[in-house]
Amino acid sequence: MIEKEALSSAFFYAGMVIAFFGSLNPWFLWPLGSYYIIISAMFIMMSMLVEATSSNKIYTNTTFLLPVFAFAVLSCYQLVVNNGNVGGYIANVFHIIVFLSLFRIGTDKLKKMMDIITRLMTLLLVPSMLWFFLYLIGFPLPSQDAEFNDSFYTFTNYYLFLLDDRSLMSIVPRFHSVFLEPSHLGVATNLLLLTQCGKWRKPQNVVLLVATIMTFSLEAYILLIVLFFLSYWVQKKNFIKKLIATVIVMAASIAAAFFYNGGDNVFHDLILLRLEVDDGEIAGNNRVTADFDSDYSQYLQSSDILFGREMDYSFGNAGYKVFFYENGLVGILLLIVFYTAALMHHKNKRALIAALALALLDFIARAFPLWYSNFIPVYFMAMAFELPITLQTKRDEP
């Protein structure tokens, strides 16, 4: 017989894994659309039902009411101001159930959940990266055409990885595994690496690091550099020498990219060219279109700034401007209230600050603060992160 505690825990882990990866839109979950959350919530509800009849409780956190209420208010507000349909309100009920379980779960189960998610991401990435390498050397692979969101995204689906049609002529396409965009994968791997702070030499974390580099995502690279120094700060280590070494390595890499093959190389084209400044603007600062940017300037002077304005620019725009445009000052305030309520009982201040720093940088660039792939690692860092015992011992030595 399976113990009720183990069964309840397994249902919880399954629900959170589906929520985490579902928010990243892997191609095999596209048929479900946003309703992947229903399956996730079903596992969560089974977990809660089994736990209710067990003497060994796994939902032991008693400070869950305020953050759940704050999330419900924020999510319902977003549905109202963005003209959500009936399906959106139904799906939101299941989102509330998932967040309820996350805020109620005990610390030991939260740690196990984060470990499972990290391992599963690694298990997904290893065959994906190997398959991608076979593609690069010209090995014929089975594939089919694929599209997402009414053909806004079009791919060649090699099953273990997607190839964006815009990269078909690239010698080395940007890697994003089975997910929609390189930045989606790069941000997720960065946040998972943060949760593994102090354990980066483990093979699974090396895989995450390599995958991050293969995305050739400017945002992922910036987060990775920031993450590198934040990890030393979290461990209370002196990182001045590391900073000097990093600056030297970056300078050498930039110089090599400019001179190698006359500047005709992947790093130069996908990263350095996006850092060029033209008329006071960084080339890589292209998260919004010119039309939206013009309308945004008018929006800031209008009365819509309080509750936001309906978004007429469906595609090609992302970042904090879009979130502010759609949700207004009230939406920003409710988001701050939610994060405050969820993280106010944190157990590791340095880990929390590090996670919030990365989350803020990602919010500026993409503004998906409620994606499970973004929020779960931040919540874990605040509530359950602990340094490895060997590092704690060394840190405490005189």
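The values are calculated or read from the model by the stated rules, or taken from the named source; none is laboratory data. Here the structure is a predicted model, which means the values were calculated and not measured. Note that we place each Cβ from the backbone using ideal geometry, even for glycine, and neighbour counts take in every protein chain shown. Heads up: the accessible areas ignore ligands, DNA and RNA and are worked out on the full protein's heavy atoms, side chains in. Shrake-Rupley method; radii C 1.70, N 1.55, O 1.52, S 1.80 Å.
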Residue in region 213-226 that is among the polar types (S, T, N, Q), closer than 20 Å to Leu360 by Cα and either in a loop (DSSP other than H, G, I, E, B) or out of contact with any Asp or Glu (no Cβ under 8 Å at 6 or more places or on another chain) (or both) present: yes
Residues of region 287-321 that turn out to be among the hydrophobic types (A, V, I, L, M, F, W, C), modelled with pLDDT of 90 or more and part of a helix (DSSP H, G or I), as a count: 1
Ile105 of a type outside the set (D, E, K, R) and modelled with pLDDT of 95 or more: yes
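Can you go through Ala52, Ala41, Ala6 and tell me which one is open to solvent by less than 40 Å² (accessible area, probe 1.4 Å) and either modelled with pLDDT of 95 or more or out of contact with any Asp or Glu (no Cβ under 9 Å at 6 or more places or on another chain) (or both)? Give the derivation first.
On the way: Ala52 fails: open to solvent by less than 40 Å² (accessible area, probe 1.4 Å); Ala6 fails: open to solvent by less than 40 Å² (accessible area, probe 1.4 Å).
The conditions single out Ala41.
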Breaking point among (1) free of Cβ contacts under 8 Å to residues at least 12 places away in the same chain; (2) within 19 Å of the chain's Cα centre (by Cα), for Asp165: (2)
Neighbours by Cβ (under 7 Å, 6+ apart or cross-chain): first from region 147-159, farther than 14 Å from His176 by Cα; second open to solvent by less than 40 Å² (accessible area, probe 1.4 Å) and part of a loop (DSSP other than H, G, I, E, B): Phe148/Leu180
Selection status of Ser128, in a loop (DSSP other than H, G, I, E, B), out of contact with any His (no Cβ under 8 Å at 6 or more places or on another chain) and over 28 Å from Phe69 (Cα atoms): no
Single residue of region 1-34 satisfying the filter (β-branched (Val, Ile, Thr) and assigned to a helix (DSSP H, G or I)) that is nearest to Asp115 (Cα to Cα): Val17
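Across region 90-137, what is the number of residues that are within 29 Å of Leu168 (Cα to Cα) and charged (D, E, K, R)? Show your work before the answer.
So in region 90-137, the residues within 29 Å of Leu168 (Cα to Cα) come out as 120-137.
Restricting the remaining residues to those that are charged (D, E, K, R) gives none.
Result for region 90-137: 0.
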Matching residues in region 171-196 - criterion: being touching a helix residue (DSSP H, G or I) at 6+ places or on another chain (Cβ under 8 Å) and open to solvent by 40 Å² or more (accessible area, probe 1.4 Å): Ile171, Val172, Arg174
Sole exception among (1) touching a residue at least 24 places away in the same chain (Cβ under 8 Å); (2) assigned to a helix (DSSP H, G or I) for Cys76, by number: (1)
Lone unmet requirement of (1) of a type outside the set (Asp, Glu); (2) closer than 30 Å to Leu387 by Cα; (3) free of Cβ contacts under 8 Å to residues at least 40 places away in the same chain; (4) not in a helix (DSSP H, G or I) for Thr60: (3)
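Count, please, the residues in region 177-212 that happen to be in a helix (DSSP H, G or I) and either farther than 16 Å from Ala365 by Cβ or modelled with pLDDT under 90 (or both). It would help to see each step written out before you state the result.
So the first thing to find is which residues in region 177-212 are in a helix (DSSP H, G or I), and the list is 182-195, 203-212.
If we keep only those that are either farther than 16 Å from Ala365 by Cβ or modelled with pLDDT under 90 (or both) too, we end up with 192-195, 203-211.
Qualifying residue count, region 177-212: 13.
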